[in-house]
Amino acid sequence: ATGLMNLCMAAGVNPVSGEIFVVGTDAINQVRFEPNVNGIFLRVMYGIVDPVTLESNNGDLNTHLDYTSHTTTDVQRERSIGDPRGITWNADGGRAYVTGMGSNNVIVITPSGERPASDSVIEVGEGPTGIVADNSRDQLYVLNRFEGTLSIISMDSHLETARVAFFDPTPETVRIGR
C-alpha cells in the first residue's frame with residue numbers, strides 16, 4: 001500500500017515527458033504512541049504529476065522492504081534510501097537519480113518510479129543533498145553536505161569515479177554534532 005507524502009523534499013521535471021516528480025517522506029502521523037508505531041515511522045515516497053491533466057500517482061521508493069516486519073537484514077538496509085533530498089534526470093528522460101541524505105547513497109529510478117533490478121544503488125559521501133546531471137559528460141555531481149565533498153558519478157557505470165573535498169566553514173562543534 002502507498003500513501004501520500006506529508007513532507008516533500010525535492011522536485012524534478014522529466015525532460016521528455018514533462019512530468020513533475022516529487023520525492024519525500026510519509027510519516028505515520030495518524031498512529032499515536034511508540035508501542036503502536038512499533039518501529040515503523042515513515043516511508044520514502046515519490047509522486048508523479050502530469051502538468052497538463054494534473055493526474056497524479058505515487059509510490060514507495062523502498063518497495064523491497066517488508067513493512068509488516070519491524071526488522072530487516074543488512075542487505076535490505078543497504079538497498080534502501082533514507083531522507084531523499086534531491087532528484088535529477090538524464091537527458092533522454094529514461095532514468096532519474098535521487099539522493100538519500102539519511103542513507104549516504106543515490107538511487108536510480110525509471111520514469112514510472114520503479115527501481116531497476118541492477119545498478120539501482122550508488123554509494124556516495126556522507127549527507128548527500130543536491131544532485132545535478134552533466135549530460136554532455138555523462139556524469140552526475142552530488143553535494144555530500146555532512147562530509148564536505150562532491151561525488152562525481154558515471155551515468156554509464158553508475159559508480160562513483162571521484163570524491164573531491166571542498167572548504168566548509170562550518171564550526172567544528174556543529175560538524176561533530178552531525
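Values computed for the structure shown
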{"item": "Fluctuation leader among ASN58, ASN135, ASN144 - the chain, Gaussian network, Cα springs under 10 angstrom", "result": "ASN135"}
{"item": "Heavy-atom accessible surface of the chain: percent carbon and sulfur, 1.4 Å", "result": "54"}
{"item": "Stokes-Einstein D (µm²/s) once Rh is taken as the Kirkwood radius of region 70-149 over alpha-carbon pairs, at 4 °C in 1.567 mPa s", "result": "101"}
{"item": "Ellipticity estimate at 222 nm from DSSP helix runs (n ≥ 4, -39,500 (n - 2.57)) divided over the chain, nearest 500", "result": "-2000 deg cm²/dmol"}
{"item": "Inter-part distance where region 156-178 and region 82-102 are each reduced to a Cα centre, Å", "result": "18"}
{"item": "Along principal axes, Cα extents of the chain, largest first, whole Å", "result": "48, 46, 28"}
{"item": "Only Lys, Arg (+1) and Asp, Glu (-1) charged, at Cβ; the chain dipole about Cα centre in debye", "result": "340"}
{"item": "Most to least accessible of ASP74, ASP138, ASP60 (protein chains only, probe 1.4 Å)", "result": "ASP74, ASP138, ASP60"}
{"item": "Pairs of alpha carbons in region 45-95 whose separation is greater than 16 Å (percent)", "result": "60"}
{"item": "The chain: most fluctuating residue of ASP156, ASP134, ASP168 per GNM, C-alpha cutoff 10 Å", "result": "ASP156"}
{"item": "For the chain: relative contact order, % (alpha-carbon pairs under 8 angstrom, 6 or more apart)", "result": "14"}
{"item": "Listed residues ILE20, ILE28, ILE153, most fluctuating in the chain (Gaussian network, C-alpha, under 10 Å)", "result": "ILE28"}
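The values are calculated or read from the model by the stated rules, or taken from the named source; none is laboratory data. Nothing here was measured: the structure is a model prediction, and the numbers come from that model. Heads up, the Cβs are rebuilt from the backbone with ideal geometry, glycines too, and the neighbour counts pull from every protein chain shown. When the accessible area is computed, the model is the full protein with side chains, heavy atoms only, and any ligands, DNA or RNA have been set aside. Shrake-Rupley method; radii C 1.70, N 1.55, O 1.52, S 1.80 Å.
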